[in-house]
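Written out below as structure tokens is the structure these notes cover.
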Amino acid sequence: MSKEPVAVVGIGQTKHVAARRDVSLAGLVREAATRALDDARLTWADIDAVVIGKAPDFFEGVMMPELYLADALGAVGKPMLRVHTAGSVGGSTALVAANLIAARVHGTVLTLAFEKQSESNAMWGLSLPVPFQQPLLAGAGGFFAPHIRAYMRRSGAPDTVGSVVAYKDRRNALKNPYAHLHEPDITLEKVQASPMLWDPVRYSETCPSSDGACAMILTDRAGAARAPHPPAWVHGGAMRSEPTLFAGKDFVSPQAGKDCAADVYRQARITDPRREIDAVEMYVPFSWYEPMWLENLGFAAEGEGWKLTESGVTELDGDLPVNPSGGVLSTNPIGASGMIRFAEAALQVRGQAGEHQVDGARRALGHAYGGGAQFFSMWLVGAEPPPG
């Protein structure tokens with residue numbers, strides 16, 4: 001039996017900010033969920049199941065919050081699943097929901113991811129000493145900075161590429177009303193003059209700490225036929241993982257990322273991603289990861305990704321726009337960051353991305369990674385139903 005086609009008919013986000021002190025966790029997630037329901041013109045009664053995801057519980061100090069959030073999400077008496085794959089969890093959560101539709105377990109599913117970073121301190125939460133593991137050296141940036149240096153050495157990229165990415169994404173964020181960072185006076189010179197945090201990562205080349213939530217309504221073919229507007233269709237989706245540390249691991253371009261992208265392209269019948277994909281929402285928490293992931297995802301040959309960035313290919317009006325929403329560099333409620341990438345890709349092919357809409361976008365890739373570049377989740381969505 002063939003899989004049931006999966007459509008994205010509702011999308012909702014909160015306005016992402018440094019601190020949402022006006023709402024509890026329950027209020028935050030309900031705000032995003034209600035907006036997704038309104039977008040799909042559905043009610044809580046139309047939802048068959050809820051799939052929720054977030055980053056590690058110790059980031060906020062609330063253990064297993066899904067248990068007390070069920071009421072706020074209309075999930076009382078309905079199946080509710082919690083997904084966790086570190087920073088990629090937003091993407092993985094959407095894929096679990098999509099698979100429930102594809103397998104015909106449920107007809108319509110609400111999927112949601114969130115984080116309230118203001119109620120904890122993720123950087124120091126990530127700095128705990130772990131026996132027999134290399135130290136993170138004050139946050140994720142301390143872990144990833146050496147990998148960026150390795151990429152620069154391997155590719156010969158000039159040290160200005162990171163600031164070019166950050167300048168682009170922060171300008172894109174100005175066109176996105178939901179983005180956390182709005183810096184109308186941003187300049188390339190200001191990015192390059194910002195303090196060095198983890199060499200070579202500067203303050204303006206790293207992601208913020210955000211409070212926010214993102215929700216989507218996924219449904220089957222029958223549900224899509226009743227949608228108030230053309231949906232985004234899931235053409236392919238996959239997850240892959242690998243250990244944080246093992247002999248021969250390529251931290252610059254992890255094999256799990258390559259395998260995940262290849263599986264998605266196979267499902268979506270993509271043979272030339274550089275030419276066949278119109279927009280990419282890529283998980284870039286530190287600016288240098290744009291050229292690194294361009295290579296890992298097959299958009300550029302090894303050592304060539306930075307050239308696409310430097311030449312303007314990834315600009316909003318470029319040949320391959322990357323993070324037209326402003327990306328993780330502008331908005332980072334960790335648990336939701338991956339789902340925002342997936343949702344923004346869906347908005348692009350629905351033609352509903354507003355000022356950051358890519359002209360003529362028909363196929364878009366949503367990408368997330370997490371942990372020590374060990375968890376990957378991706379989906380490719382299109383304006384037309386999937387082939388076959």
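The values are calculated or read from the model by the stated rules, or taken from the named source; none is laboratory data. Keep in mind it's a predicted model, so treat the numbers as computed, not measured. Cβ atoms come from the backbone with ideal geometry, glycine included; neighbour counts cover every protein chain shown. Protein only, heavy atoms only, side chains kept; ligands, DNA and RNA dropped before computing areas. Shrake-Rupley method; radii C 1.70, N 1.55, O 1.52, S 1.80 Å.
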Partner aspartates and glutamates for K15 [C-alpha distance under 15 Å; skip if fewer than 8 residues away on the same chain]: E31, E115, D211, E344
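Mind scanning K168/K258; K54/K116; K249/K307; K3/K258 and naming the pairs with a C-alpha gap bigger than 19 Å?
On the way: K168/K258 25 Å; K54/K116 10 Å; K249/K307 25 Å; K3/K258 24 Å.
Table pairs above 19 Å Cα-Cα are K168/K258; K249/K307; K3/K258.
Using 0.36 nm per residue of separation minus the Cα-Cα distance, give me the extension gain between A301 and D71 in nm, one decimal.
That works out to 78.0 nm of additional length.
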Return the single residue from G257, G351, G87 with maximal mean-square fluctuation; model: Gaussian network over the chain, springs between Cα atoms under 10 Å. G351
Taking region 175-267, which chymotrypsin sites (Phe, Trp or Tyr not before Pro) meet the DSSP loop condition and have no more than 13 other C-beta atoms within 10 Å? F246
Let me check against my output: what whole-number percent is the relative contact order of the chain, with C-alpha pairs under 8 Å and at least 6 apart? 25 percent
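Work out, step by step, the length gained on full extension between S118 and A103: first 0.36 nm times the residue separation, then minus their alpha carbon distance; give nm to one decimal. It would help to have the intermediate numbers written out before the result.
On the way: separation 15, 0.36 × 15 = 5.40 nm, distance 3.77 nm.
Extra length available between S118 and A103 comes to 1.6 nm.
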Tell me the net charge near I270. Cut-off is 13 Å between Cβ atoms, I270 excluded, with +1 for each Lys or Arg and -1 for each Asp or Glu. +2
Percent relative contact order of region 255-351, based on C-alpha pairs within less than 8 angstrom and at least six residues apart? 30 percent
Roughly speaking, what % of Cα-Cα pairs in region 130-229 are separated by over 21 Å, rounded to a whole number? 54 percent
In whole Hz, the Karplus estimates of ³J(HN,Hα) for region 8-20 (6.51, -1.76, 1.60; θ = phi - 60°; x where Gly or Pro) are 9, 10, x, 9, x, 10, 7, 6, 7, 9, 5, 8, 9
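Could you check how much of the accessible area of region 247-372 is carbon and sulfur, as a whole percent, using a 1.4 Å probe? Don't jump to the answer; show the numbers that get you there.
Numbers: 1610 of 3670 Å².
Taking all protein chains in place, region 247-372 shows 44 percent carbon and sulfur surface.
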Compute the signed sum of charges (Lys and Arg +1, Asp and Glu -1) over the other residues within less than 13 Å, Cβ to Cβ, of D211. 0
FRET efficiency, 1/(1 + (r/R0)^6) with R0 35 Å, evaluated for K15 and D263 via beta carbons: 0.55
Rounded, prolate or oblate, given the Cα gyration tensor of region 6-68, with a/c below 1.5 counting as rounded? prolate
Neighbour count of at most 11 Cβ within 10 Å plus DSSP loop: longest trypsin sites (Lys or Arg not before Pro)-free window in the chain: 105-388
Of G236, G298, G162, which is the most mobile in a GNM of the chain whose springs link Cα atoms less than 10 angstrom apart? G298
Across all Cα atoms of region 230-304, Rg and the largest Cα-Cα distance (Dmax), in Å, are 13.3, 47
I need the shape label for region 46-102. Rule: rounded when a/c is under 1.5, else prolate if a/b > b/c, else oblate, with a, b, c from the alpha carbon gyration tensor. oblate
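Determine the per residue accessible area of the chain with all protein chains present and a 1.4 angstrom probe, expressed in square angstrom. Mind dumping the intermediate values first?
Numbers: 14710 Å² over 388 residues.
Here the residues of the chain average 38 Å² of exposed surface.
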